[in-house]
Amino acid sequence: MAGDYDLVVVANRLPVDRVEGPDGTPSWRRSPGGLVTALEPVMQREDGAWIGWAGTPGEPPEPFDAEGVHCVGIGLSAEEVEDYYEGFSNGTLWPLYHDVIVAPNYHRRWWEAYVRVNERFAQAAAEQAARGATVWVQDYQLQLVPRMLRRRRPDLRIGFFNHIPFPPFEIFAQLPWRGAILDGLLGADLVGFQRPADASNFLRACRRAMALPARRGVVRLPDEGDRQVRAASFPISIDAVALDELARRPEVQERAQEIRRDLGDPQYVLLGVDRLDYTKGILHRLKSFEELLADGRVQVGEAVLVQVATPSRERVDQYVQLRQDVEVTVGRINGTYAEIGKAAVHYLHHSYGREEMAALFLAADVMLVTSLRDGMNLVAKEYVASRYDEKGVLVLSEFTGAADELGQAVMVNPHDIDGLKDAVIRALHMPAREAGRRMRAMRRRVREHDVQRWAASFLEALDGLGDQAGTAIDLTGSPAAGVAR
Ligand code: ADP
Ligand code: G6P
């Protein structure tokens, strides 16, 4: 059985979520997170299908078109949302793959749901893909799909891209199902990662856990006629031109000025924009700002921190705890330092549209990206892409994938609170010429390595592999790909 699409993207989420109004009328809203930000503009240009979940439990919607993308829904029951999505994906894999910042939970019931739901995604992909089509599977929620799909459809060209870090073997080894996960990924022809270090970690896991020959970016599978699986890095990006154009619009610039006025015209606006996730280092950021106020190195009224935090995974315990901790901390900082009409921190627990985000970026003198671990962090690239005026300073955690590319940011180790405080002060007082020079260099990088280039380099690499099975191919020639050891 074969479908009509030559390109099929399979991701846990569709680019839009189904939301119901108070009277039960359904509507669609853009899904949260970097995966959708990156893939949506790619798929708008491709004539393909996007398979995913619509974000609420129950029957899937009939296939539909949204934002220029053909969407095919996958249904998850309430129990599957709990066990596969909140449980195994976000209570086991997410913390395990992010340096165990919080403790992962291992439950056999969650694993069983993960296997079952991965089968459903694989089946849907098998039904949509045309003969010889390319299927591009996305992210940690679907690591078993490549193998399950290959069993059903050996004619397909299968790629997998991991949007989050791949952990060192010493951490990955905790996973009771580590062999099954690796075997799932090895169903692909090409496995892509954000950083060369992630690809190396994967290859090492194949050697250590599976005793497979895996070197120079290739895993050989002796039990499958010596089939080769390639592993390489393809750092993801954003639609830089679209964001630059948006930020140049007069109404966005006016809105940026209005935001500054509404904040009380402070000298310095500092900005954080994240999903409310413990990987983002939001508490470290708040702590450093609180101490700067306590030390008198910044004054309320002179500087204000705007923290925008998109609601995320709100039924997972560690996220409930984080929200409480953030809200208590913001309350304490404002209670101690704010004056009437002069807040120290503006905390906004909402999602905003693209225009408002661009205006916020333009309004911010200093952008704070302080993740404790982050596959890439697209917010950092979005800030840079919006600053057509070449103003503003990016403070960037060295534990993000973006740090590999944006070397002109003010780099920080967010665990080092004193270092973070010094970095914030340095960013606030950076001479305009130096800030401009750094911003220009970062803008060039983001413009030249945008999301279209990311997608093209992955798909070209995947395309090249299918025709040359069994020969070694050097991916170093590919524009954005890196070979891993
Ligand atoms: P992650 O994928 O872990 O959420 P990224 O930084 O890579 O992290 O991507 C986050 C994406 O979500 C970015 O495109 C960012 O602009 C968007 N985003 C984050 N917070 C908000 C918000 N409050 N409103 C709208 N978009 C947001
Ligand atoms: C990150 C992950 C994505 C995920 C997104 C939002 O970007 O890499 O796979 O979709 O966060 O998280 P959510 O759980 O809401 O899908």
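A short reminder: the numbers here are calculations on the coordinates, not readings from a lab. Note that the coordinates shown come from a computational prediction; the quantities given were computed from them, not determined experimentally. We place every Cβ from the backbone using ideal geometry, glycine too, and count neighbours over all the protein chains shown.
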Report task. Evaluate the stretch 444-456: report whether one residue or more is over 21 Å from E245 (Cβ atoms) and either touching a residue at least 40 places away in the same chain (Cβ under 8 Å) or part of a loop (DSSP other than H, G, I, E, B) (or both). Result -> no
Requested in this report: Would you check if G353 is free of Cβ contacts under 8 Å to residues at least 24 places away in the same chain and within 19 Å of the chain's Cα centre (by Cα)?
Outcome: yes
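Condition check ((1) within 15 Å of ligand 1 (Cβ to nearest atom); (2) within 21 Å of A403 (Cβ to Cβ); (3) free of Cβ contacts under 8 Å to residues at least 12 places away in the same chain) across all residues:
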| site | (1), (2), (3) |
| --- | --- |
| D277 | yes, yes, no |
| L293 | no, no, no |
| V306 | yes, no, no |
| G335 | no, no, yes |
| M357 | yes, no, no |
| R373 | yes, yes, no |
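Yes/no per residue for (1) within 16 Å of ligand 2 (Cβ to nearest atom); (2) touching a strand residue (DSSP E or B) at 6+ places or on another chain (Cβ under 9 Å); (3) of a type outside the set (D, E):
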residue	(1), (2), (3)
G264	no, yes, yes
Q267	no, yes, yes
G296	no, no, yes
E302	no, yes, no
Query raised in the report: Of the residues in the stretch 73-98, how many are of a type in the set (D, E), farther than 11 Å from V316 by Cβ and within 15 Å of ligand 2 (Cβ to nearest atom)?
Result: 2
Requested in this report: Would you mind stating whether G436 is of a type in the set (G, A, S) and not in a helix (DSSP H, G or I)?
Outcome: no
Query raised in the report: Considering the stretch 127-164 alone, what residues qualify as being more than 27 Å from G375 (Cα to Cα), assigned to a strand (DSSP E or B) and of a type in the set (A, V, I, L, M, F, W, C)?
Result: A129, A130, A133
Report task. State whether the residues of the stretch 234-246 include one that is in contact (Cβ under 8 Å) with a residue 60 or more places away in the chain, over 30 Å from V345 (Cα atoms), touching a helix residue (DSSP H, G or I) at 6+ places or on another chain (Cβ under 9 Å) and away from ligand 1 (no atom under 14 Å from the Cβ). Result -> yes
Query raised in the report: Which one of Y388, Y383, Y352 is part of a loop (DSSP other than H, G, I, E, B), within 12 Å of ligand 1 (Cβ to nearest atom) and either touching a helix residue (DSSP H, G or I) at 6+ places or on another chain (Cβ under 9 Å) or more than 16 Å from I238 (Cβ to Cβ) (or both)?
Result: Y352
Query raised in the report: Regarding V72, is this residue surrounded by 19 or more Cβ atoms within 10 Å (Cβ to Cβ) and out of contact with any Pro (no Cβ under 6 Å at 6 or more places or on another chain)?
Result: no
Query raised in the report: Which one of these does I101 not meet: (1) within 16 Å of ligand 2 (Cβ to nearest atom); (2) at positive phi?
Result: (2)
**Report entry** Boolean, K381 is touching a residue at least 60 places away in the same chain (Cβ under 8 Å) and under 21 Å from P32 (Cβ atoms)
**Finding:** yes
